[in-house]
Amino acid sequence: MKSIVVANWKMNPVTMREAKQLFDATRKAAGASKNVILIVAPPTIFLRELRARYKGKHIAFAAQNVNAEGSGAYTGDTSILQAKEAGAEYVIVGHSEQRAKGETSESAGNVVAAALASGVTPVLCVGERERSHNGEHYSAVKEQLRAGFSHVEPGKVAKVLVGYEPVWAIGGEKSMSPRDMHEMAIFIRKTIVGLKGETGMNTKVLYGGATTESNALPMLQESGVQGFIVGHVSINAERFSILMSSLG
Ligand code: PGA
C-alpha cells in the first residue's frame with residue numbers, strides 16, 4: 001500500500017515566485033517516490049496557481065484550514081467549497097496551530113462533516129499539548145476524536161484520515177518514538193471502533209511532529225502509521241527530497 005505524505009507548508013513561503021520554485025522541487029521529489037501519495041498543502045492564496053501548474057497524477061492538494069460554511073459573513077475565512085474549487089481534494093482540520101487560536105473540537109467536527117459532504121477528504125489533526133505520567137494525553141486525544149467524528153456516519157469513517165500530532169514535538173527535530181506511536185495508533189483505532197464500530201479498525205493514521213529525513217522511514221516501518229504530515233522539512237527542498245526518496 002502506498003504511504004501518504006502531507007507537505008504542510010504553513011504560512012510559507014512569502015512570494016508566489018518562491019512558492020513555484022518550492023513546488024517544482026517538491027514535484028521532482030514526488031516523481032522519484034512511486035510509493036508515496038504526496039499531498040501539498042500550500043497557503044490558500046497560492047493554491048489555485050500551483051494547481052494550474054500541475055498536470056500529473058502523483059500530487060494532490062490540500063487546504064490548511066477552512067470554514068465549514070459554504071459562503072457567508074466570515075471575514076478572513078475560506079470556505080470548504082472555495083478551497084475545493086481552487087483545487088483542494090483534501091483539507092487539514094483542527095491543526096494545533098488553529099486550536100491554539102481558538103478552534104474547538106466541535107468546530108473541527110463541523111468541518112469534517114462539511115468536507116465529507118463536499119467530497120473533500122478531511123485530515124483530522126489530534127494530539128496532546130504535553131505528556132503526563134497519569135495518561136491524561138489519552139483522554140485529550142479521545143475527546144478530540146469524539147468531537148471530530150461526531151457527525152460522521154459509520155459508512156464514511158474510512159474516508160477520514162487522522163493526523164496524530166503531539167504538540168510538544170512540532171517544529172523540532174526529534175519525533176515521538178515509533179514505539180510510542182505504535183501504542184497511540186492502536187489507541188486511536190480502538191477509540192474510533194468504540195465510537196463508530198468495527199470499520200474504525202481500518203482508519204488511516206498519519207504522524208506529524210518533527211518528521212525528518214532520518215526518522216521518517218523507521219517510523220513508517222515500526223509504528224503502524226500510513227504516512228506523515230511534514231511541516232518545516234517540507235519547505236526545505238533538499239531535506240524534503242531526501243525524506244521522500246527514503247520512503248521509496
Ligand atoms: P513539523 O510540523 O514537521 O515542523 O514538526 C508538523 C505540523 O505541524 O504539521
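The values are calculated or read from the model by the stated rules, or taken from the named source; none is laboratory data. Everything numeric in this text was worked out from a predicted model, so none of it was measured. Reconstructed Cβ throughout: ideal geometry from the backbone, glycine too, with neighbour counts over all protein chains shown. Quick note on the areas: whole protein, heavy atoms, side chains included, nothing else; ligands and nucleic acids left out. Shrake-Rupley method; radii C 1.70, N 1.55, O 1.52, S 1.80 Å.
Remark: accessible surface ordering of Asp77, Asp180 (largest first) is Asp77, Asp180, probe radius 1.4 Å.
Run the Debye formula on the Cα coordinates of segment 1-117, all scatterers equal and no solvent, and tell me log10 I(q)/I(0) at q = 0.09, 0.13, 0.19 1/Å. The Cα Debye sum returns log10 ratios of -0.25, -0.51, -1.04.
Pairs of lysine residues in segment 127-248 that meet both criteria, 8 or more places apart or on different chains and Cα atoms under 21 Å apart, total 13. Bridging of Lys28 to lysines at a Cα separation below 24 Å is possible for Lys2, Lys10, Lys20, Lys55, Lys57, once same-chain residues fewer than 8 apart are set aside. Annotation for segment 154-202 versus segment 54-107: alpha-carbon center distance of 21 Å.
Each 5 Å bin, from zero up to the one with the longest distance, holds this percent of the alpha carbon pairs of the chain: 1, 7, 15, 19, 21, 18, 12, 6, 2, 0, 0.
Among Glu153, Glu165, Glu69, the sequence by solvent-accessible area, most first, with a 1.4 Å probe is Glu153, Glu69, Glu165. Could you work out the local net charge near Ser79, counting Lys and Arg as +1, Asp and Glu as -1, over the other residues with Cβ closer than 13 Å to its Cβ? It works out to a net charge of -2. Note on Arg179 and Asn12: the extension gain reaches 57.0 nm, defined as 0.36 nm multiplied by sequence separation minus the Cα-Cα distance.
Trp9 exposes around 0 Å² of accessible area when a 1.4 Å probe is run over every protein chain in place.
Rg/Rh for segment 146-248 stands at 1.01; both radii use Cα atoms, and Rh follows the Kirkwood definition. Per-residue SASA remark: Tyr164, around 0 Å² accessible (1.4 Å probe; ligands, DNA and RNA not included). Ranked by solvent-accessible area (1.4 Å probe, protein heavy atoms only, all chains present), the residues Thr15, Thr212 order from largest to smallest as Thr15, Thr212. Among the trypsin sites (Lys or Arg not before Pro) in segment 69-164, those located in a DSSP loop and surrounded by at most 11 other Cβ atoms within 10 Å of their own Cβ are Lys101.
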